[in-house]
Amino acid sequence: MSLPVTDFGTLFLESYTKSGLAWVQTIGCLFIIYGYFVSNKKFLWKVLLAHGISGLLGLIIENFFIAKQQSNKAENWAFLLLINEVNWIIHEASTVLYSSVKLSAIVTNNMHKKILNGILISSLVIFALLRLNIGYLRFRDNVTMNPSIATAHSYAFLIWGFADLIIFALLVQNTINLGSQAIDGLLGTLLKSSIPRITILVLNTFLIVILGQLPAPLSVGMNNLNSLAWSIKGTYPIILMFDMHTTKDMLLMTQTRLNSSMENTTNYKSQNKSTVNVFGRSDV
């Protein structure tokens with residue numbers, strides 16, 4: 001009969017690699033960190049870098065706690081889970097900040113911009129408080145997950161779910177307002193690159209929220225669906241990285257096409273100036 005593994009290093013690697021969320025998110029975070037150092041390091045890349053580093057540190061600390069707990073139950077490292085909430089706050093907030101920066105290049109209505117900024121700041125404050133509550137529950141119960149923590153997670157992500165939904169609504173509205181001709185311009189390019197990403201984020205966030213509110217224990221099917229939703233969430237760094245590169249390529253192709261056209265020159269220059277300054281070549 002084999003003895004149970006108590007070596008910390010083995011337990012750490014086992015904990016880290018058995019979860020699809022952990023290794024997928026780690027790969028995405030490492031790609032982002034690499035991408036930042038080979039990019040021009042403009043603002044949006046800094047947002048992605050914060051997203052990548054905070055997510056990587058969050059995973060390392062969380063799995064460090066799990067391995068320590070399994071290797072020596074006499075030690076209590078739960079305080080790390082409370083401190084680690086700072087990483088998760090930065091990680092989640094940077095996802096929404098990325099979307100809002102792109103949206104700021106599209107929304108021309110000053111009132112809409114003020115409403116958007118107000119909602120995002122309020123959402124950040126509420127989300128941070130809810131995440132700190134999760135950290136407290138983890139510290140109190142000395143675990144990373146239990147039914148009460150799962151419910152607390154769903155409340156926290158509900159806040160960002162509504163924030164993403166508002167961003168999605170503004171994107172759709174501005175798509176309609178641009179009209180069929182302007183949709184082929186630079187602003188239209190940003191819209192077309194943003195809507196699929198926001199759709200994935202909104203649907204998956206609300207799926208996590210709904211599953212988190214279901215009474216425990218979940219059925220096998222619901223538990224598998226919950227694991228899938230969290231694994232999809234782990235791909236967010238990859239989705240953001242992909243969005244950054246595809247949007248850059250789309251902007252460059254659109255700009256080339258517009259520069260070769262002699263029609264609506266004034267409008268195109270106006271779009272080009274406002275868009276590129278916020279997100280285009282100078283930032284990507």
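The values are calculated or read from the model by the stated rules, or taken from the named source; none is laboratory data. Here the structure is a predicted model, which means the values were calculated and not measured. Cβ coordinates were reconstructed from backbone atoms using ideal geometry, including for glycine residues, and neighbour counts include every protein chain displayed.
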(message) Contact list please: Cβ distance under 8 Å, first residue in the range 128-154 and under 16 Å from Ile61 (Cα atoms), second residue among the polar types (S, T, N, Q) and part of a loop (DSSP other than H, G, I, E, B), pairs at least six apart or on different chains.
(response) Arg138/Thr144; Asn142/Asn76
(message) Among the residues in the range 171-184, are any at pLDDT 75 or above and buried (at least 20 other Cβ atoms within 10 Å of the Cβ)?
(response) no
(request) Return the residue satisfying two criteria in turn: it lies in the range 65-102 and is basic (Lys, Arg) and buried (at least 17 other Cβ atoms within 10 Å of the Cβ), and of such residues it is farthest from Thr199 (Cα to Cα). (result) Lys68
(request) Restricting attention to the range 103-119, report how many residues are crowded, with 19+ Cβ neighbours inside 10 Å and either in contact with a His (Cβ under 9 Å, 6 or more places away or on another chain) or under 18 Å from Phe162 (Cβ atoms) (or both). (result) 3
(message) I'd like to verify a number: residues in the range 33-78 that are within 20 Å of His245 (Cβ to Cβ), in contact (Cβ under 8 Å) with a residue 60 or more places away in the chain and of a type in the set (Val, Ile, Thr), how many?
(response) 0
(request) Quick one: in the range 204-216, of everything that is closer than 16 Å to Trp160 by Cβ and over 13 Å from the mean Cα position of the chain (by Cα), which residue is surrounded by the fewest Cβ atoms within 10 Å (Cβ to Cβ)? (result) Gln213
(message) Contact list please: Cβ distance under 8 Å, first residue in the range 89-114 and within 16 Å of Phe242 (Cα to Cα), second residue part of a loop (DSSP other than H, G, I, E, B), pairs at least six apart or on different chains.
(response) Lys102/Phe279
